[in-house]
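A.B. asks: Below is one structure. I have some questions about it.
No value in this document is a laboratory result; all are computed from the given coordinates. The structure displayed is predicted, hence computed values, not measured ones. Using ideal geometry, Cβ is built from the backbone for each residue, glycine included, and neighbour counts are taken over all protein chains shown.
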Amino acid sequence: MQINGRVHEGEVEPRTLLSDFIRHQAGLTGTHVGCEHGVCGACTVQLDGEPIRSCLMLAVQANGRTLRTVEGLAEPDGSLTALQRAFTEHHALQCGFCTSGFLMTADALVRRPGAAALTEAEIRQELAGNLCRCTGYEGIVASVLAVLGTAS
């Protein structure tokens, strides 16, 4: 599979989760594993551009596919994206455990055609699959609104 523009190959047992392959074989530890049931969203990555829970997918299912993790979000020169900067500016992270999952979900959201027309309630609904115990979500939603240019 291709992860963040680099080909990663490996022999895996058929039961190996994608999250485990990413962390232990590809060495990309920004993808966090929380609940291991697909509920918390900490393990969210993008598969062929769409956010998915990597703890619910087997590594063999990603064979020949394109994967993007939080390590692949930065600009080509290494600078932060507008979304990453907004997370910092709007205090959208505290302990940071859920941040990579939120960033991967929000990144796909802001790139979606028509995203600029989303209301705050719709953005909250889109982010509902990611859980955070620290922030209260206000900064996270404000970050997405800022990137979409709809912040008041």
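A.B. asks: In debye to the nearest 20, how big a dipole does the stretch 2-72 give about its Cα centre with +1 on each Lys and Arg Cβ and -1 on each Asp and Glu Cβ?
C.D. replies: With Lys and Arg at +1 and Asp and Glu at -1, about 120 debye.
A.B. asks: To test your reading of the geometry: what angle, between 0 and 90 degrees and rounded to tens, separates the Cα axis of helix 99-111 from the longest principal axis of the chain?
C.D. replies: Orientation of helix 99-111: about 70 degrees from the principal axis.
A.B. asks: Report, largest value first, the span of the C-alpha coordinates of the chain along each principal axis, in whole Å.
C.D. replies: 50, 32, 26
A.B. asks: Nothing charged except the Cβ atoms of Lys and Arg (+1) and of Asp and Glu (-1): what's the magnitude of the dipole of the chain about its Cα centre? Round to the nearest 20 debye.
C.D. replies: The calculation lands at about 100 debye.
A.B. asks: Which one, His24, Val7, Thr119, projects farthest toward the positive side of the charge dipole computed for the chain from Cβ point charges (K/R +1, D/E -1)?
C.D. replies: It is Thr119, whose Cα lies furthest towards the positive end.
A.B. asks: Per residue of the stretch 31-46, in order, report the coupling 6.51 cos²θ - 1.76 cosθ + 1.60 (Karplus, θ = phi - 60°) as ³J(HN,Hα) in whole Hz, putting x for Gly and Pro.
C.D. replies: Ordered by residue, 3J(HN,Hα) equals 7, 8, 10, x, 7, 6, 10, x, 8, 7, x, 4, 8, 4, 10, 10 Hz.
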